[in-house]
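Here the structure is laid out as structure tokens; the discussion comes afterwards.
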């Protein structure tokens, strides 16, 4: 039985559309894909690609048949308009192509990992089929705000019940479809919440490998490892059929945003699901450049917030024993930053220095130097809504200290090859034996903190331990401590002495009693300035 698929692509999603087509071609031996193009550039590219099992259609052809759809185009951005046109596209295809007895809508950021036949077996005699978002009970409110079903996959048969549903859906989408929450609506998705009771013969696919999403795999199936057997990938004993890579962003072929929504990604998910997609994305971008050298306009990573930062080079390296350090540098400390780099180059073999650049001039300065073993993170990459919401409440020094645990967490989050990390203030260089710190972390200590040689009065006001030099292992204890420190600093980080509080530093006094696997070391000799 031939399977019929469709989706709509903007020029920005063209590479994802080609990835989706290739993945279907690899796993479905009898299919046809209707590729609807929002932009003429995407259409011309697809036509150059010799896609033998595709029909390429300009969205203008559908708009000629659906004037109401066209009438709302100017009021919506590209993403919203593609959502708006879903039902119109399906109706058009069923009307224009008599051979079609069903149509499957797929969002453009889906990708097949195995044979789709189980989808059609479970769909069976139902007129319409959907997949659930599978929200956890504590997140159940999201069913009302974001939708019970994920409309990145919808299947419609050519029958009376299906057409009634599609025409109702089309009217609602034209009436309202935006990327915001308003009166119980969001995008196209909440409209499907009541379909099983509003319409007849609606089926819900239970196979967890169908339209598997970042939320489901990282939250609902958090205890189920992703396992690769031969060429297939399994989760919860189910073969993954296709994955929905929503929120995935390609930047420069090395830096990627795994998912630009608020969620964590497990290491096994990154290794077995995201890296194949990343590698396929790079190969597709290269192929597109061969066909049309002007089509690909890669984004400058420094200009965007990258919520789930992933560095392919770091995580593909065979060298897992790099000594990773990080620091924060602004334009007033460029000289100290270079001194730190030179001291590492001289005294700490196999190092890798991550620098958070606080301003454009600092980023440009280090970018032009093109230093080996240095990875630059622009402050824009790091600042999400949580940090931005408190930024104006703090002076520059207070905000920089607030950033510290957020920056360390940012590096650890998806870069699973970074097994340990030492944060150092930028003025630490020749005075510190960083090799000793990494030795202690590799011995299995989850946390390293340093006792400061201070008076009892200084200890009372500013704390026992030094927040300018801290080591973390990427293990459960280290990440738990880091998470708490990050939340504490976002909640309160000010340059004034209060009970058990001073900047980011007094929090450390609690750690020896709260976290096992912590080693206290004597602080290296350096001048302590409470105004820093």
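Could you tell me the ratio Rg/Rh of the stretch 3-303? Both radii from Cα atoms, Rh via Kirkwood.
Rounded to two decimals, Rg/Rh equals 0.93.
Can you compute the radius of gyration and Dmax for the stretch 382-532, using only the Cα atoms, both in Å?
My reading of the Cα-based Rg and Dmax gives 14.8, 42 Å.
Sort 164, 464, 291 by Cβ crowding within 10 Å, fewest neighbours at the top.
Least crowded to most crowded, the residues run 291, 164, 464.
Among 350-359, 128-137, how do they line up by average Cβ neighbours within 10 Å per residue, starting with the highest?
Top of the packing list down: 350-359, 128-137.
Helix-only estimate, please: 222 nm mean residue ellipticity of the chain, summing -39500 (n - 2.57) across DSSP H runs of length 4 or more and dividing by its residues, to the nearest 500.
-10500 deg cm²/dmol
Using only Cα atoms, find the angle between the long axis of helix 86-96 and the longest principal axis of the chain, and express it within 0 to 90 degrees, rounded to the nearest 10.
It works out to around 30 degrees.
Of all the C-alpha pairs in the stretch 304-454, what % are more than 22 Å from each other?
That fraction is 41 percent.
How big is the stretch 178-254 in terms of Cα radius of gyration and Dmax, in angstroms?
Cα radius of gyration and Dmax of the stretch 178-254 are 16.3, 48 Å respectively.
Can you tell me the order of 300-313, 142-155 when each peptide is scored by its average per-residue count of other Cβ atoms within 10 angstrom, highest first?
Listed from highest to lowest mean packing, they are 142-155, 300-313.
Give me the percent relative contact order of the chain, please, defined on Cα pairs under 8 angstrom at least 6 residues apart.
10
Any idea what angle helix 275-291 forms with the longest principal axis of the chain, computed on alpha-carbon atoms, 0 to 90 degrees, nearest 10?
70
Please report Rg (one decimal) and Dmax (integer) in Å for the Cα set of the stretch 420-485.
12.8, 35
Against the longest principal axis of the chain, how steep is helix 14-27, in degrees 0 to 90 to the nearest 10, with axes from Cα atoms?
Once rounded, one gets 70 degrees.
Just how far, in whole angstrom, is the stretch 121-181 from the stretch 236-263 if you go by their alpha carbon centroids?
When both Cα centres are located, 22 Å separates them.
Please report the relative contact order for the stretch 178-303, taking Cα pairs under 8 Å with a sequence separation of at least 6, and give it as a percent rounded to a whole number.
19
We did not get these values from a lab; they are worked out from the coordinates using the rules stated. Since the model is a prediction, treat every value here as computed from it, not as a measurement. Ideal geometry is used to build each Cβ from the backbone, glycine not excepted, and the neighbour counts take in all protein chains shown.
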